1. For residues that are within 16 Å of Glu46 (Cα to Cα) and surrounded by 13 or more Cβ atoms within 10 Å (Cβ to Cβ), scanning just segment 1-18, find the one that is modelled with the lowest pLDDT.
2. Tell me which residues, restricted to segment 19-33, are surrounded by fewer than 16 Cβ atoms within 10 Å (Cβ to Cβ) and either touching a Ser or Thr at 6+ places or on another chain (Cβ under 6 Å) or of a type outside the set (A, V, I, L, M) (or both).
3. Looking at (1) modelled with pLDDT under 90; (2) closer than 17 Å to Pro3 by Cβ, which is the one condition that is false for Thr64?
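The values are calculated or read from the model by the stated rules, or taken from the named source; none is laboratory data. Since we're looking at a predicted model, the values are computed, not measured. All Cβ positions, glycine included, derive from the backbone under ideal geometry; neighbour counts span all protein chains shown.
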Amino acid sequence: MIPKTIIEGLIEKDVYIYIKNITKEFTGKLVSITPYIAAEDIITLEDKTNNIVYIPMSEITVITERR
């Protein structure tokens, strides 16, 4: 699992996120990190068409900043 402090530094930036066992990347602006009741944080990602994607932090394998 990626440390939360690294992901917090990427809030409001464009990122690529790769998920375990999925061969496609998710791209968009990292909007927020929401604490979840079951002790797992959820990342909110907004893509270029304003769709919102919610991703559990434990499922992220790689996160990179887009340039």
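1. Per the criteria, the residue is Ile7.
2. Lys20, Asn21, Thr23, Lys24, Glu25, Thr27, Val31, Ser32
3. Only one criterion in (1) modelled with pLDDT under 90; (2) closer than 17 Å to Pro3 by Cβ is unmet by Thr64, namely (1).
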